[in-house]
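Here's the structure we're looking at; comments come further down.
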Amino acid sequence: VDTGRCVDRRPSRRSSVVVRASRTPKQGQRVSLHYTMTLSDGTVVDDTRNANRGAVTVTHGDGALFPKIASALGEMTKGDQRVVELTPSEAFGEHDESKISRFPLKPEEAAEMAKQVQPGQLVQLPQGQAAMCLAMDNESVTLDMNHPLAGQTLTFALELLDITDGITIFGTPLVALKL
């Protein structure tokens, strides 16, 4: 807007401070980040810096991240680092004993399963759900359908690497539909 006044836009010799507008991610923009996920005892569960896949890029606001992580990223600018702690209810939920079930097996099923599955191993059920094999004998298998990190407090060390424009349709960001 031209107000008709002349403004001296030359840098002041008295001040060498440069002010840059901070840019936080908006819904529909792509954010690239590194993260390290640890358990409360310090065990590293996942670290994008040490994994072969490298940095992760997601669409901000599409619901792919835990809400508390998405909120933290929404307040960060490129280069920022932040640590976010998630309680079990904010992450994969509390461990639910009702999700542990014992399934009867025929002797031939038990023999075949024993060749492929060991207690402590994650298995995929016919419906696509993952389960942890807790125990197995000649008559049954005990499976835990809780997420492997259920009941755990998780700490995420985040580093926002970049923010880029996401896909838009007629100027509107395209994000996944939540049903």
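The values are calculated or read from the model by the stated rules, or taken from the named source; none is laboratory data. Worth saying up front: this structure is predicted, and the values here are computed from it rather than measured. Every residue, glycine among them, receives a Cβ derived from its backbone with ideal geometry; neighbour counts consider all protein chains shown. Heads up: the accessible areas ignore ligands, DNA and RNA and are worked out on the full protein's heavy atoms, side chains in. Shrake-Rupley method; radii C 1.70, N 1.55, O 1.52, S 1.80 Å.
The table that follows gives values for the structure above.
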item: Estimated vicinal HN-Hα couplings, Hz - segment 89-105 in sequence order (Karplus 6.51, -1.76, 1.60; Gly, Pro = x); result: 5, 8, 10, 9, x, 6, 5, 10, 4, 5, 8, 9, 9, 9, 10, x, 10
item: Reachable lysines from LYS78, criterion Cα separation under 28 angstrom, eight or more residues apart if same chain; result: LYS26, LYS68, LYS178
item: Using θ = phi - 60° and Karplus 6.51 cos²θ - 1.76 cosθ + 1.60, couplings along segment 120-132 (whole Hz; Gly, Pro as x); result: x, 9, 7, 10, 9, 7, x, 7, x, 6, 8, 8, 9
item: Amide H contacts under 5 Å for GLY93, placed H, 5+ residues apart; result: GLY151
item: Geometric extent, Cα atoms of segment 31-101 - Rg, Dmax (angstrom); result: 14.1, 46
item: Relative contact order (%) - segment 54-160, alpha-carbon pairs under 8 angstrom, separation at least six; result: 35 percent
item: Net length gained if the chain between VAL83 and ALA150 were fully extended (0.36 nm per residue, minus Cα distance); result: 22.1 nm
item: Size of charge dipole - segment 32-179 - debye, nearest 20, with Cβ of Lys, Arg +1 and Asp, Glu -1, no other charges; result: 280 debye
item: Spin-label model distance (nm) - ASP162 vs GLN129, 7 Å beyond Cα toward Cβ; result: 4.0 nm
item: Separation of the ASN50 and LYS106 label points, Cα + 7 Å toward Cβ, nm; result: 4.6 nm
item: Residue order for SER140, SER98 - accessible surface, 1.4 angstrom probe, largest first; result: SER98, SER140
item: Heavy atoms of LYS106: accessible area, 1.4 Å probe, square angstrom to 10; result: 120 Å²
